[in-house]
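All remarks here apply to the structure that follows.
The values are calculated or read from the model by the stated rules, or taken from the named source; none is laboratory data. In this text the structure is predicted, and so the values were computed from the model without any measurement. Cβ sites come from the backbone with ideal geometry, for glycine too, and all protein chains shown count toward neighbours. Side chains included, ligands, DNA and RNA excluded: accessible areas come from the protein's heavy atoms. Shrake-Rupley method; radii C 1.70, N 1.55, O 1.52, S 1.80 Å.
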Amino acid sequence: MKQKKVVLASGSRHTIPAISSSPGNARTITAFAEKETDKLNYYVLSKYDVSLESINFNRSKYLHPLPSATNAIYEYILNKLPYRVKKRIFGFTQADRIIYYYGIKKIISKVQPDIIVTFMHFELYHILQKAFPKVKHIFFYLSTDIKGRLGENKIKYILENSDGFMANTELAIKEFKEFNKLDSLPTASVYNAVMLPKDSYNNSEEKIKHDFKVKFKIENNALILGYAGRFSNEKSLLEILEAMLLLKNDGEIVHLYVAGDINNERTPDFEYYNKVISFIEKHLKEQVHFFGWVSYEELFNFYAAIDVGILLSKYREGNSMFLIECLSVGKPVIATNVGGNIETLHNNEIGYLIDKNTVVQSLFEKLKYLDMNRATLNKLSKNASIYAKEHHSNEVMTKSFNNFIERFIE
């Protein structure tokens with residue numbers, strides 16, 4: 001049987017194959033592309049980055065709309081157009097995204113695929129579905145709260161014009177089925193996979209942890225928390241600090257490692273960032289330690305150095321890469337009871353869910369318990385690494401993805 005051509009189109013402006021700055025979703029798509037079968041031939045379309053020029057990759061598989069003088073002129077013109085005009089014509093307004101999406105459309109016309117899988121962004125999906133109506137289209141949603149993020153009209157469009165729907169949480173599939181009541185559209189959940197390059201490290205996790213404690217002058221038996229992400233109110237970083245202060249006032253000193261750099265964020269909230277820094281300076285100056293932006297190659301060091309991961313999203317969360325990467329290195333996670341967190345931490349065997357409405361008090365109580373019950377912490381740690389291997393391996397993820405795509409081969 002001749003291989004079917006399948007395009008994996010990334011709506012986000014991250015580069016694939018994954019480079020040092022690529023997030024987990026870019027690595028997930030890379031993993032899909034590298035595990036093609038005798039029935040499926042994958043092509044990946046993503047944003048161009050100049051760092052691609054210095055790495056080796058399959059340039060016939062990984063395709064990128066390239067920068068050009070013509071595109072620069074178009075982008076200049078688009079930036080001069082009124083917001084309402086761009087919204088009416090394209091459905092969205094960011095000039096660089098418009099150029100990028102239409103560049104993807106141009107490349108696809110040359111590939112002539114049998115199936116297009118569009119990741120996350122409805123605007124790209126809409127453009128490609130309109131441009132290639134005879135191709136089979138699958139929309140891959142990478143979060144939860146579908147109604148809140150997409151709205152009923154876009155969901156209805158997906159139902160009427162797609163051949164399949166995928167998501168990286170069961171919760172998102174359940175939310176979608178509220179609209180897909182007749183089960184007219186095939187669905188599947190495919191979780192993210194863990195791909196940390198820990199096999200390349202010579203040092204043990206204990207040595208890595210010890211070395212960082214020496215560097216930051218931390219007591220050897222101190223409990224170390226880990227946070228990696230944006231400096232955003234939505235991620236409740238201030239609430240983590242408030243819980244740490246409660247512990248401090250109660251005689252318990254815990255430390256927090258923070259991975260992230262506000263200057264690398266697309267939409268930095270400097271007002272919130274300054275509140276975080278002010279709180280630390282006033283109350284926790286010796287207890288919070290900044291790692292800055294951590295590359296993918298160095299992530300294992302960060303996770304190995306902590307005891308517990310903290311993920312306190314306020315509103316929504318998909319299948320968090322931070323969460324499953326923590327678990328893969330045997331680090332339990334305390335997370336709010338939102339989105340995909342509920343699926344992963346539902347049984348208290350690899351971490352804890354806490355109420356998003358009582359974050360500070362609940363986090364204080366869980367951290368105090370773990371700090372005083374290290375045997376429980378060790379048990380959670382062992383369970384966490386086992387869970388990650390069973391549910392979030394590359395093999396499990398790519399097999400599920402390929403099995404679903406092959407359903408659409410005639």
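Where in region 131-238 are there helices (runs of 4 or more DSSP H), lying wholly inside it, with at least 2 residues that are out of contact with any Pro (no Cβ under 6 Å at 6 or more places or on another chain), of a type in the set (Asp, Glu) and under 27 Å from Val338 (Cα atoms)?
Because the criterion is at least 2 residues that are out of contact with any Pro (no Cβ under 6 Å at 6 or more places or on another chain), of a type in the set (Asp, Glu) and under 27 Å from Val338 (Cα atoms), the helices (runs of 4 or more DSSP H) in region 131-238 that meet it are 170-177.
Looking at (1) open to solvent by 20 Å² or more (accessible area, probe 1.4 Å); (2) more than 21 Å from Arg230 (Cα to Cα), can you tell me which one Lys314 breaks?
All conditions are met except number (2).
Consider only pairs whose beta carbons are under 6 Å apart and that are at least six residues apart or on different chains; among these, list those whose first residue lies in region 241-264 and is within 24 Å of Leu323 (Cα to Cα) and whose second residue is of a type in the set (S, T, N, Q).
Sorted first by the residue in region 241-264, then by its partner, the pairs are His255/Gln287.
Got a sec? Which of Ser385, Ser381 is touching a Leu at 6+ places or on another chain (Cβ under 9 Å) and of a type in the set (Ser, Thr, Tyr)?
Among Ser385, Ser381, only Ser385 is touching a Leu at 6+ places or on another chain (Cβ under 9 Å) and of a type in the set (Ser, Thr, Tyr).
Filter region 277-301 down to the residues that are in a helix (DSSP H, G or I), open to solvent by less than 40 Å² (accessible area, probe 1.4 Å) and modelled with pLDDT under 95 and list them by number.
Tyr296, Leu299, Phe300, Asn301
Go through region 373-384 and report how many residues are part of a helix (DSSP H, G or I) and open to solvent by 30 Å² or more (accessible area, probe 1.4 Å). Before the answer, list the steps.
Here is the first cut: in region 373-384, the residues part of a helix (DSSP H, G or I) are 374-384.
If we keep only those that are open to solvent by 30 Å² or more (accessible area, probe 1.4 Å) too, we end up with 374-376, 378-379, 382-383.
Residues in region 373-384 being part of a helix (DSSP H, G or I) and open to solvent by 30 Å² or more (accessible area, probe 1.4 Å): 7 in total.
Go through region 89-145 residue by residue and tally those that are small (Gly, Ala, Ser), over 27 Å from Ile173 (Cα atoms), at pLDDT below 95 and surrounded by fewer than 17 Cβ atoms within 10 Å (Cβ to Cβ). Reasoning before the result, please.
In the first step, residues of region 89-145 are kept if they are small (Gly, Ala, Ser); the result is 91, 95, 103, 109, 131, 143.
Imposing the further condition that a residue be over 27 Å from Ile173 (Cα atoms) reduces the set to 95, 103, 109.
With the extra rule that they be at pLDDT below 95, the set shrinks to 95.
Next, from what is left, pick out any that are surrounded by fewer than 17 Cβ atoms within 10 Å (Cβ to Cβ): none.
Summing the residues that are small (Gly, Ala, Ser), over 27 Å from Ile173 (Cα atoms), at pLDDT below 95 and surrounded by fewer than 17 Cβ atoms within 10 Å (Cβ to Cβ) in region 89-145 gives 0.
Count, please, the residues in region 3-18 that happen to be open to solvent by less than 20 Å² (accessible area, probe 1.4 Å) and farther than 17 Å from Met397 by Cβ.
Of the residues in region 3-18, 4 are open to solvent by less than 20 Å² (accessible area, probe 1.4 Å) and farther than 17 Å from Met397 by Cβ.
Within region 306-322, can you find the residues that are at pLDDT below 95 and among the aliphatic types (A, V, I, L, M)?
Met321
Quick check on my filter: what residues within region 23-46 are surrounded by fewer than 20 Cβ atoms within 10 Å (Cβ to Cβ), assigned to a loop (DSSP other than H, G, I, E, B) and touching a helix residue (DSSP H, G or I) at 6+ places or on another chain (Cβ under 9 Å)?
Pro23, Lys35, Glu36, Thr37, Lys39
State all residues of region 116-173 that are over 23 Å from the mean Cα position of the chain (by Cα), of a type in the set (Asp, Glu) and under 28 Å from Ser313 (Cα atoms); if no residue qualifies, say none.
Glu152
What are the residues in region 392-410 that are open to solvent by 40 Å² or more (accessible area, probe 1.4 Å), within 25 Å of Leu185 (Cα to Cα) and either assigned to a helix (DSSP H, G or I) or touching a His at 6+ places or on another chain (Cβ under 7 Å) (or both), if any?
Val396, Lys399, Ser400, Asn403, Glu406, Arg407
Only residues that are in contact with a strand residue (DSSP E or B) (Cβ under 8 Å, 6 or more places away or on another chain) and under 22 Å from Phe32 (Cβ atoms): list them for region 147-175, please.
If the condition is that a residue be in contact with a strand residue (DSSP E or B) (Cβ under 8 Å, 6 or more places away or on another chain) and under 22 Å from Phe32 (Cβ atoms), then Ile158, Ser162, Asp163, Gly164, Phe165, Met166, Ala167, Asn168, Thr169, Glu170, Ala172, Ile173 are the ones that fit.
Would you say Thr118 is touching a residue at least 24 places away in the same chain (Cβ under 8 Å), closer than 14 Å to Met166 by Cβ, outside any strand (DSSP E or B) and not small (Gly, Ala, Ser)?
It is false that Thr118 is touching a residue at least 24 places away in the same chain (Cβ under 8 Å), closer than 14 Å to Met166 by Cβ, outside any strand (DSSP E or B) and not small (Gly, Ala, Ser).
One line per residue, one yes/no per condition, for (1) of a type in the set (A, V, I, L, M, F, W, C); (2) assigned to a loop (DSSP other than H, G, I, E, B); (3) touching a strand residue (DSSP E or B) at 6+ places or on another chain (Cβ under 7 Å); (4) surrounded by 14 or more Cβ atoms within 10 Å (Cβ to Cβ):
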position: Lys248; (1), (2), (3), (4): no, no, no, yes
position: His255; (1), (2), (3), (4): no, no, yes, yes
position: Asn263; (1), (2), (3), (4): no, no, no, no
position: Pro268; (1), (2), (3), (4): no, yes, no, yes
position: Tyr272; (1), (2), (3), (4): no, no, no, yes
position: Lys275; (1), (2), (3), (4): no, no, no, yes
position: Gly318; (1), (2), (3), (4): no, yes, no, yes
position: Ile324; (1), (2), (3), (4): yes, no, no, yes
